[in-house]
Amino acid sequence: MKTLAVINQKGGVGKTTTVINLSAQLAHEGKRVLVIDLDPQANLSVVLTGGQFEFEHSITDVFESSKKCPIQQAIMSAQSNGEAIPNLCICPTDIRLSRVIEQSLTKVHRERILLKQLEAIASDFDIVILDCPPNLSLTSVNAMMAADMFLIPVDGGSFSLNGLADLLDALEEVKESEHVNYAVFRNEFAKANKLINNFLDEQLASLEGKVLATTIRRSEDVGQASVSGQTLLNYKPSSLTLADYKSLAKEVMQRLNV
Ligand SMILES: Nc1ncnc2c1ncn2[C@@H]1O[C@H](COP(=O)(O)OP(=O)(O)O)[C@@H](O)[C@H]1O
Ligand SMILES: [Mg+2]
């Protein structure tokens, strides 16, 4: 089992959208996939559970007491348009997550709670994808400890990549390594935005080998699918954007070795 964290402390860059459609693509290709919602805003949970926002067990319960609620209890089948998605499971979150995590400050190894839980289900899934919150909180540190690789979406509005340098610093610090396995990709890519594209290309050039060839185009289909509680694959099988997610899945699998 390999763990991928989709991470960027900036909000609105496409983390959740990427988790939804990348996981759907990987499951479609036969991989056993688990997604974990680590953002108390719970967008991922809502979309992949058919609009639910209260759950019998959630990742919050696991962080609160993994003894009372081991992660297995909080895992359910993901759904799209009322039907279970084969090979895709979700561990949902709820709005209490930030508070519960803050309260765990006195626990020893509090930044390894998720890592420990994932060890227990290592043979059940091929790939676990973490949807991180838009900050570098203890929740994100748990994701960093647990992840084998980091996938960082950058959007067209990123006039400054200062935040990216901060994120990479944090990853190196938490991993205690200068060789963190991460990959950056452009989300909401629009060919016509030449000025922005040239600027970002220049900025990203210094990250040689860490920028994926795949870009995810800006497309109305993507937002429409999420709003209607579906994966893009399910909502519009003819969408051209699906080719982008397929390409993303291929590159990610190569880099993760799965
Ligand atoms: N490729 C895309 N094309 C069009 N809209 C997108 C695309 N990716 C994301 N969005 C939209 O951008 C908004 C923010 O995306 P989201 O995945 O919620 O970001 P984050 O999780 O990083 O906060 C959402 O409304 C989403 O539908
Ligand atoms: Mg999100």
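Computed from the coordinates by the stated procedures, all read-outs in this text should not be read as laboratory data. Nothing here was measured: the structure is a model prediction, and the numbers come from that model. Neighbour counts run over all protein chains shown; Cβ positions are idealised from the backbone, glycine included.
The calculated FRET efficiency for GLN73 paired with LEU195, based on their beta-carbon distance and R0 = 41 Å, is about 0.20. Taking LEU22, LEU195, LEU138 as the candidate residues, the one with maximal mean-square fluctuation in a Gaussian network model of the chain, Cα springs under 10 Å, is LEU195. The 3J(HN,Hα) values that the Karplus relation (6.51, -1.76, 1.60; θ = phi - 60°) gives for region 106-119 are, in residue order, 8, 6, 6, 6, 5, 8, 10, 4, 5, 3, 4, 5, 5, 4 Hz. Gly and Pro appear as x. Residues in region 61-67 carry Karplus couplings, in order, of 4, 5, 5, 5, 7, 6, 6 Hz; the curve used is 6.51 cos²θ - 1.76 cosθ + 1.60 with θ = phi - 60°, and Gly or Pro positions show x. Pairs from the list LYS2/LYS175; LYS116/LYS250; LYS210/LYS236; LYS2/LYS116; LYS67/LYS107 with a Cα-Cα gap above 22 Å: LYS116/LYS250; LYS210/LYS236.
Label positions at GLU172 and GLN224, each projected 7 Å from the Cα along the C-beta direction, are separated by 4.4 nm.
Compute the length gained on full extension between GLU83 and LEU207: take 0.36 nm times their separation in residues and subtract their Cα-Cα distance, giving the result in nm to one decimal.
Details: separation 124, 0.36 × 124 = 44.64 nm, distance 4.09 nm.
Between GLU83 and LEU207, full extension yields an extra 40.6 nm.
GNM on the chain, alpha-carbon springs under 10 angstrom: the most fluctuating residue among GLU208, GLU83, GLU220 is GLU208.
Distance between the pseudo-spin-label points of ASN257 and ALA122 (7 Å out from Cα toward the beta carbon): 1.4 nm.
Using DSSP, restrict attention to beta bridges with both residues in the chain and report what percent are antiparallel, rounded to the nearest 5. Numbers along the way, then the final one.
Working: 4 of 31 bridges.
Rounded to the nearest five, the antiparallel share is 15 percent.
As a footprinting exposure proxy, order VAL6, VAL141 by other Cβ within 10 Å, with the fewest listed first. Don't jump to the answer; show the numbers that get you there.
On the way: VAL6 27, VAL141 18.
In order of increasing Cβ crowding within 10 Å: VAL141, VAL6.
Farthest toward the positive end of the dipole of the chain, out of SER177, THR231, ILE216, is the Cα of THR231, where the dipole comes from beta carbon charges about the Cα centre. For GLY50, the residues whose modelled amide H falls within less than 5 Å of its own, excluding neighbours fewer than 5 places apart on the same chain, are GLN79. Using Cα springs under 10 Å in a Gaussian network model of the chain, which residue among ALA183, ALA205, ALA24 shows the largest mean-square fluctuation? Most flexible of the set in this elastic network: ALA205. Residues LEU240, LEU248, LEU207, ranked from the fewest to the most other C-beta atoms within 10 Å, line up as LEU240, LEU207, LEU248. Placing +1 on the Cβ of every Lys and Arg and -1 on the Cβ of every Asp and Glu, with no other charges, gives the chain a dipole of roughly 280 debye about its Cα centre.
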